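Nothing in this text is a laboratory measurement; each read-out follows from the coordinates by a stated rule. Quantities reported herein were computed from a predicted structural model and do not represent experimental measurements. Neighbour counts are summed over all protein chains in view; Cβ atoms, including those assigned to glycine, are modelled from backbone coordinates with ideal geometry.
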Amino acid sequence: MIGERLILKDADVGLPIASFLRSPRHASEPDSLTQFFRKFRVLAAEGYYQPMPRCAYTETCVFFNDEVGYSIDLQASMRLTYCMDDYASCARYQTLLTVPREQIPDDLIPTDESWALEIVTDYVANHPAGAPAI
């Protein structure tokens, strides 16, 4: 699972992403996923995490590979931004760190962080100790 392989420093302790999201301290905060990924980007800037050149899911991502109802220019721009450049801020990618791919709605778009948070929160509440099989 990707979330268990990515280790981040939290209060000078290495902590897997899934554990970070499931911890009581973060689970009780309604915007913990957003805060987490802001922290994730800061840590990346400080060298704790080196991003891949593009999202690892581009080959299988519904958003990247299928027509999603946007204009060609808007879809191309979003793909460039969220699939090739700043995939860590993509709501689909963020959700995949905790939730199995088959449980992520096809119409979740990269900018919909609030829906991504709902999906992750619901998954964690219903699977407190189980890791997703990605």
- Task: Convert each backbone phi in region 77-94 into a coupling constant with the Karplus relation 6.51 cos²θ - 1.76 cosθ + 1.60 (shift: θ = phi - 60°), then list the ³J(HN,Hα) values in order as whole Hz, x for Gly and Pro.
- Result: 5, 5, 5, 5, 5, 8, 9, 10, 10, 10, 5, 5, 9, 6, 4, 5, 4, 4
- Message: At 7 Å along Cα-to-Cβ for each site, give me the label-to-label distance between THR81 and THR60 in nm.
- Response: 2.7
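Cβ under 13 Å from LEU80's Cβ, LEU80 left aside: what net charge do those residues give with Lys, Arg +1 and Asp, Glu -1?
Numbers: positive: ARG54, ARG79; negative: ASP73, ASP85, ASP86.
In short, -1.
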